[in-house]
1. Can you find, within segment 149-177, the residue that is surrounded by the fewest Cβ atoms within 10 Å (Cβ to Cβ) among those that are at pLDDT 95 or above and not in a helix (DSSP H, G or I)?
2. Among the residues in segment 202-213, are any touching a helix residue (DSSP H, G or I) at 6+ places or on another chain (Cβ under 9 Å) and at pLDDT 95 or above?
3. So, in segment 45-76, how many residues would count as being touching a Pro at 6+ places or on another chain (Cβ under 9 Å), buried (at least 19 other Cβ atoms within 10 Å of the Cβ) and closer than 19 Å to Asn6 by Cα?
4. Among the residues of segment 110-145, which ones are aliphatic (A, V, I, L, M) and either out of contact with any strand residue (DSSP E or B) (no Cβ under 7 Å at 6 or more places or on another chain) or part of a helix (DSSP H, G or I) (or both)?
5. Please tell me if Ala42 is under 28 Å from Ile145 (Cα atoms), without any contact (Cβ under 8 Å) to a residue 40 or more places away in the chain, buried (at least 17 other Cβ atoms within 10 Å of the Cβ) and in contact with a Phe, Trp or Tyr (Cβ under 6 Å, 6 or more places away or on another chain).
6. Return the pairs, sorted by first residue and then second, in which the second residue is of a type in the set (A, V, I, L, M, F, W, C) and in a helix (DSSP H, G or I), the first residue lies in segment 231-247 and is in contact (Cβ under 8 Å) with a residue 24 or more places away in the chain and buried (at least 16 other Cβ atoms within 10 Å of the Cβ), the beta carbons are less than 7 Å apart, and the residues are 6+ apart or on different chains.
7. Can you run down the residue pairs with Cβ atoms below 7 Å, 6 or more apart or on separate chains, where the first is in segment 170-184 and within 12 Å of Ala132 (Cα to Cα) and touching a residue at least 60 places away in the same chain (Cβ under 8 Å) and the partner is surrounded by 13 or more Cβ atoms within 10 Å (Cβ to Cβ) and hydrophobic (A, V, I, L, M, F, W, C)?
8. Can you tell me which residue within segment 199-230, out of those that are among the hydrophobic types (A, V, I, L, M, F, W, C) and in a loop (DSSP other than H, G, I, E, B), is surrounded by the fewest Cβ atoms within 10 Å (Cβ to Cβ)?
Amino acid sequence: MHELENKVVLVTGGSRGLGLAMAEGFAAQGARTIVASRKLEACREVSERLTRTYGAESMPYAFNVSRWAECDALVEAAFDAFGGVDVLVNNAGLSPLYDTLDQVSEELFDKTIAINLRGPFRLSSLIGTRMAEQGSGSIINISSIGAMRPDPIALPYAAAKAGLHALTEGFARAFGPAVRVNTIQVGPFLTDVSAHWDAEYRQKLEATLALGRCAEPEEVVGAALHLAGATSSFTTGALLRVDGGWP
């Protein structure tokens with residue numbers, strides 16, 4: 001994986017969960033990382049640790065992915081600091097729950113779509129265009145099994161992630177052949193979100209999976225490294241399931 005050394009990798013939602021695991025995985029390969037999330041202090045802590053541990057340059061950046069102007073500002077900051085972005089990982093997401101479907105407010109619906117779909121669209125549009133101009137790049141979208149197996153308790157989230165699949169194929173055609181765009185569709189991972197699951201819910205999840213267990217965050221890293229590098233050189237517009245064998 002020496003091909004990733006000194007490459008610039010931008011990870012949204014990079015201060016925790018799957019984003020943190022991927023940022024660390026890229027840094028371990030010598031990539032220069034941009035850790036972008038809402039809270040600057042959390043991003044700074046991660047960036048400093050990545051540089052200290054792996055010796056690779058890392059930049060923290062605080063932004064709200066649901067805000068168009070803040071996406072624009074992030075892109076400008078990334079290009080000003082590093083001169084380009086080689087890999088964009090659209091990982092930031094939100095899956096708010098609700099009691100019944102008729103209680104989903106306009107505000108909750110719009111917020112869910114903005115974070116999970118609108119932000120990735122804007123970042124991919126801006127960065128993908130520049131990647132195409134520079135002649136190479138990889139965009140990796142992080143989706144959910146909910147996009148294909150929507151749960152009634154998270155329908156706006158599922159709809160947004162299904163939209164992300166459409167963006168993946170559309171951007172792959174728009175920015176090819178120089179830029180590859182792919183999606184990792186994840187199943188249940190043991191991130192901070194899972195801390196709110198009760199034992200019965202987790203057991204129910206694990207009983208449905210071919211592997212019989214939920215995943216640790218580090219188990220998404222191999223897929224991300226693969227889609228970022230030359231081992232996936234003929235893969236674009238694709239959906240890679242990392243879901244433990246969800247039925």
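1. Residues of segment 149-177 at pLDDT 95 or above: 155-177.
Going one step further and asking which of them are not in a helix (DSSP H, G or I), we end up with 176-177.
Details: Gly176: 13, Pro177: 10.
Checked segment 149-177; the qualifying residue surrounded by the fewest Cβ atoms within 10 Å (Cβ to Cβ) is Pro177.
2. Yes, segment 202-213 contains at least one residue that is touching a helix residue (DSSP H, G or I) at 6+ places or on another chain (Cβ under 9 Å) and at pLDDT 95 or above.
3. 2
4. Ile113, Ala114, Ile115, Leu117, Leu123, Leu126, Ile127, Met131, Ala132, Ile145
5. Working: under 28 Å from Ile145 (Cα atoms): yes; without any contact (Cβ under 8 Å) to a residue 40 or more places away in the chain: yes; buried (at least 17 other Cβ atoms within 10 Å of the Cβ): yes; in contact with a Phe, Trp or Tyr (Cβ under 6 Å, 6 or more places away or on another chain): no.
No, not satisfied.
6. Close Cβ pairs (under 7 Å, with a partner that is of a type in the set (A, V, I, L, M, F, W, C) and in a helix (DSSP H, G or I)) amount to Thr236/Ala172; Gly237/Ala172; Leu240/Ala223; Leu240/Leu227; Val242/Val220; Val242/Ala223; Asp243/Ile145; Trp246/Ile145.
7. Qualifying pairs under 7 Å: Ala172/Val181.
8. Start the filter on segment 199-230 by keeping residues that are among the hydrophobic types (A, V, I, L, M, F, W, C), which leaves 199, 205, 207, 209-211, 214-215, 220-221, 223-225, 227-228, 230.
From the residues that got through so far, the ones that are in a loop (DSSP other than H, G, I, E, B) too are 209-211, 214.
Details: Leu209: 17, Ala210: 9, Leu211: 12, Cys214: 18.
In this case the residue turns out to be Ala210.
The values are calculated or read from the model by the stated rules, or taken from the named source; none is laboratory data. Keep in mind that what you see is a predicted model, and the values were worked out from it rather than measured. Positions of Cβ are generated from backbone atoms using ideal geometry, with glycine treated the same way; all protein chains shown enter the neighbour counts.
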